[in-house]
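Asks: This structure is in structure tokens; I'll ask about it shortly.
The values are calculated or read from the model by the stated rules, or taken from the named source; none is laboratory data. Here the structure is a predicted model, which means the values were calculated and not measured. Virtual Cβ from ideal backbone geometry, glycine too; neighbours counted across all protein chains shown.
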Amino acid sequence: MAANVRSRHRQHATGRALIYGGLLCLAAFYLMPLWVIITTSVKHLDEIYAGSFIGLPKEITFDAWRSAWSEACNGTACKGLKPYFINSLIMVVPAVILSTGIGAINGYVITKWRFPGSNFIFGILLFGCFLPFQAVILPMAQTLGFLGLAGTLAGLVLVHTVYGIAFTTLFFRNYFVGVPDELVKAAQIDGAGFMRIFVSIMLPTALPIIVVSCIWQFTQIWNDYLFGVSFTAGENAPITVALNNVVNVSMGRKEYNVDMAAAMIAGLPTLIVYIVAGRYFVRGLTAGAVKG
Amino acid sequence: MATLEIDRVRKSFGSVEVLKGVSISIADGDFLVLLGPSGCGKSTLLSMIAGLESVTSGEIRIANDVVNDLPPKDRDIAMVFQSYALYPTMTVRQNIEFGMKIRGVQPAERAKATLAAAEMLQMKHLLDRRPSQLSGGQRQRVAMGRAVVRDPKLFLFDEPLSNLDAKLRVDMRTEIKRLHQRLGTTIVYVTHDQIEAMTLATRVAVMKDGVVQQLDDPQVVYDRPANTYVAKFVGSPSMSLIPARLAVDGAGAVAVFDIPNEKPARISGIPIAKENATKFNGQNVLVGIRPELFTVSDGKPGRTISVHIDVVEPTGPDTLALFQIGGVEVTARVPPKTVEARKSATLTVDTTKIVLFDAVTEDRID
């Protein structure tokens, strides 16, 4: 009996070791590119060309980071990624706020102020989620030209806001469906109107899904390349487009360390957002399932 | 404080008619209970009184003012919901003050009203908690507090006790009754629980399929149900309805029950008007007898009936005895240990409270 228990215990421990061993291997495999990017970005260029690609740097230097941030050339100018980083910020902040805000109101109306055809409209909005980027480029370009926003950051903000509404509406609709209708009725009897109920009651309960929507939209918009390259040019390009230009410059020796540093700079904001707000993201995604 | 008149109100959702011409009128300070099974339209009617649902036709008047087209906030009402509907992100205090804040009540006055309500409902210590930190009964109190601070003309309760456990339900029932006695405000209360209706109401409206079956004092509804539906719905165990034939002898109306292989049993002294006795003479009727109208016979001859007891269910204070008369199951409430299962017993019936129904229309015969 005792031996039986002990052997089962040993089996259990072996199983555990196998699982964790496997997971560690997989993690190492997927972290490899990040490892290469980070180590390469802090090496001297000579060291890279000497053949050390995967190993630890002999001497850590942040020259490549400085160069990527403020000196790297992208074919037209040599000002680094800084101006384009700022472009992306100018684009992403209003686009995230607008698309999340509009999605919240849409979700609120679709669930709590149903009108004839509201389900149909929600269906059409859902359709927007499945619309590939490529399909809207030409009509969008025409629209931007018509509005006089072609090639501007404001135009890009509009494109991302419109494209994002489908997703944010879906998020908020699914969240607000779980909020009891009686809350709205109680507030109506208390004398609250449409906006007052939205601001004082619905939005505070929706905090988890607001975080989800913001993270989702931030990542989508920050990482977007296609809309950026299609609707902006030169000075107004977002960082993804600038990164591509920096990496593709073909003059003299290829500066791998600068390329890697530039890639890290472009990817850092989304990384930070996930690390800071990641646990809210998971909580928000599961929150709709359980009625508060 | 106000009267409430519901005048031939109808409500349709598309082609489905939910309320089919409901008329109810109650006086200032009345406690009206809308009683009925789910789907009878009682909650819809309450929503219409609150202004959360539109009125298809007819009129609703609060304190003699037609409110059909007034939004909820202008009707001077307060409502307590089944799920309590407390605002989850606000503290109890903020929940109670929210309505006053919107109406522009000054902060000092708000605090005073909140404190008064909290004291009355014994929840002063809960004011800074959030709804998620409260038990069901406490949430119920907060919901009532939120209604009380409004000082409305009309309180509306939508099945407020159905989410509570049995013990708490009885406590909160008393609490609501106390609130009504203290404030004297007119109340409309929706429930499917006939005990709640009996204990709380000054007026009960029994509803079925969008039609009011009977609107009366609870005791009248219990003693003189308008039809077999009300008779069955109110009272637990419910009234037994025994098919019989009406006969008339020198003393008055007699109910004759056919018993297989035996001679028919007779109960005389059925309390109906003479002209109805003549009218229904020889016809089929349903004899309604509440369980407590039976007593164990002391052997003296009179209004007795011999039965064979099938099952005995002791409840503590008394015992329910089940037996057959005329092919239907009948329940009698008798003192404990006075009858035994699978034995014969002779029971006396208090005929003064027997109710007679037409076997065809199922309406009461007076």
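Residue-wise test of (1) among the acidic types (D, E); (2) surrounded by 15 or more Cβ atoms within 10 Å (Cβ to Cβ); (3) farther than 23 Å from B:D28 by Cβ.
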{"position": "B:L134", "(1), (2), (3)": "no, yes, yes"}
{"position": "B:G137", "(1), (2), (3)": "no, yes, yes"}
{"position": "B:V142", "(1), (2), (3)": "no, yes, yes"}
{"position": "B:F157", "(1), (2), (3)": "no, yes, no"}
{"position": "B:L161", "(1), (2), (3)": "no, yes, yes"}
{"position": "B:L164", "(1), (2), (3)": "no, yes, yes"}
{"position": "B:D171", "(1), (2), (3)": "yes, no, yes"}
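Asks: Here's something else I'd like to know. All but one of (1) in contact (Cβ under 8 Å) with a residue 12 or more places away in the chain; (2) charged (D, E, K, R); (3) not in a loop (DSSP other than H, G, I, E, B) hold for B:K167; which doesn't?
Replies: Of (1) in contact (Cβ under 8 Å) with a residue 12 or more places away in the chain; (2) charged (D, E, K, R); (3) not in a loop (DSSP other than H, G, I, E, B), only one is false for B:K167: (1).
Asks: I'd like to verify a number: residues in the stretch B:123-148 that are among the basic types (K, R), touching a helix residue (DSSP H, G or I) at 6+ places or on another chain (Cβ under 6 Å) and assigned to a loop (DSSP other than H, G, I, E, B), how many?
Replies: Of the residues in that region, 1 qualify.
Asks: Criterion first (in the same structural domain as B:D76 (by TED's automatic domain parsing), out of contact with any strand residue (DSSP E or B) (no Cβ under 7 Å at 6 or more places or on another chain) and in a loop (DSSP other than H, G, I, E, B)) does B:D151 satisfy it?
Replies: Yes; evaluated as a whole, the condition is true for this residue.
Asks: If A:V179 satisfies every condition in (1) within 30 Å of B:L46 (Cα to Cα); (2) assigned to a helix (DSSP H, G or I) but one, which is the exception?
Replies: Result: A:V179 passes all but (2).
Asks: Got a sec? Which of B:A273, B:A255, B:A277, B:A226 is under 14 Å from B:F357 (Cα atoms), in the same structural domain as B:Q194 (by TED's automatic domain parsing) and in contact (Cβ under 8 Å) with a residue 12 or more places away in the chain?
Replies: Every option except B:A226 fails the conditions.
Asks: Follow-up question, since we're still on this one. Evaluate the stretch B:170-179: report whether one residue or more is in contact with an Asp or Glu (Cβ under 8 Å, 6 or more places away or on another chain) and either within 23 Å of B:R141 (Cβ to Cβ) or of a type in the set (K, R) (or both).
Replies: Yes, the conditions are met somewhere in the stretch B:170-179.
Asks: Next question. So which residues in the stretch A:99-124 are surrounded by fewer than 18 Cβ atoms within 10 Å (Cβ to Cβ) and over 23 Å from A:V157 (Cα atoms)?
Replies: A:W113, A:R114, A:F115, A:P116, A:G117, A:S118, A:N119, A:F120, A:I121, A:G123
Asks: With the checklist (1) in a loop (DSSP other than H, G, I, E, B); (2) crowded, with 17+ Cβ neighbours inside 10 Å in hand, flag the one item B:P317 doesn't pass.
Replies: Every listed condition holds for B:P317 apart from (2).
Asks: Then there's this: Would you be able to tell me the number of residues in the stretch A:199-231 that are touching a Pro at 6+ places or on another chain (Cβ under 7 Å) and facing another protein chain (nearest Cβ under 9 Å)?
Replies: The total comes to 1.
Asks: Hey, another quick one. For the structure I just gave you, tell me whether B:D258 is in contact with a Gly (Cβ under 8 Å, 6 or more places away or on another chain) and of a type outside the set (S, T, Y).
Replies: yes
Asks: Next up: Starting from the stretch A:81-95, keep only residues that are in a helix (DSSP H, G or I), then list their pairs with residues that are acidic (D, E) and modelled with pLDDT of 95 or more whose Cβ atoms are within a distance under 7 Å, requiring at least 6 positions of separation or different chains.
Replies: From the stretch A:81-95, no pairs qualify.
Asks: Sticking with this structure for a sec: Return the residues of the stretch B:103-122 that are farther than 14 Å from B:Q138 by Cα, outside any loop (DSSP other than H, G, I, E, B) and of a type in the set (G, A, S); say none if nothing qualifies.
Replies: B:A108, B:A111, B:A113, B:A116
Results for (1) within 14 Å of chain B (Cβ to nearest Cβ); (2) among the charged types (D, E, K, R); (3) touching a helix residue (DSSP H, G or I) at 6+ places or on another chain (Cβ under 7 Å); (4) surrounded by 21 or more Cβ atoms within 10 Å (Cβ to Cβ), shown as yes or no for each residue.
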residue	(1), (2), (3), (4)
A:Q142	no, no, no, no
A:T152	no, no, yes, no
A:T161	no, no, yes, yes
A:T168	no, no, yes, yes
A:F176	yes, no, yes, yes
A:D181	yes, yes, yes, no
A:G191	yes, no, yes, no
A:I197	yes, no, yes, yes
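Asks: Is it fair to say B:I176 is in the same structural domain as B:A50 (by TED's automatic domain parsing) and surrounded by 20 or more Cβ atoms within 10 Å (Cβ to Cβ)?
Replies: Here the answer is yes, as B:I176 does meet what is asked.
Asks: Of all strands (runs of 3 or more DSSP E) completely enclosed by the stretch B:1-102, which ones contain at least 2 residues that are away from every other protein chain (no Cβ under 14 Å) and at pLDDT 95 or above?
Replies: Of the strands (runs of 3 or more DSSP E) lying wholly inside the stretch B:1-102, those with at least 2 residues that are away from every other protein chain (no Cβ under 14 Å) and at pLDDT 95 or above span B:4-13, B:16-26, B:31-35, B:57-62.
Asks: When you check A:A186 against the structure, is it in a helix (DSSP H, G or I) and within 9 Å of another protein chain (Cβ to nearest Cβ), yes or no?
Replies: Spelling it out, A:A186 is indeed in a helix (DSSP H, G or I) and within 9 Å of another protein chain (Cβ to nearest Cβ).
Yes/no matrix, rows are residues, columns are (1) of a type in the set (G, A, S); (2) assigned by TED's automatic domain parsing to the domain that holds A:T232:
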position: A:T40; (1), (2): no, no
position: A:K43; (1), (2): no, no
position: A:A64; (1), (2): yes, no
position: A:S67; (1), (2): yes, no
position: A:L89; (1), (2): no, yes
position: A:S99; (1), (2): yes, yes
position: A:S118; (1), (2): yes, yes
position: A:G128; (1), (2): yes, yes
position: A:T143; (1), (2): no, yes
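Asks: Among the residues of the stretch A:147-154, are any modelled with pLDDT of 95 or more and under 30 Å from A:R66 (Cβ atoms)?
Replies: no
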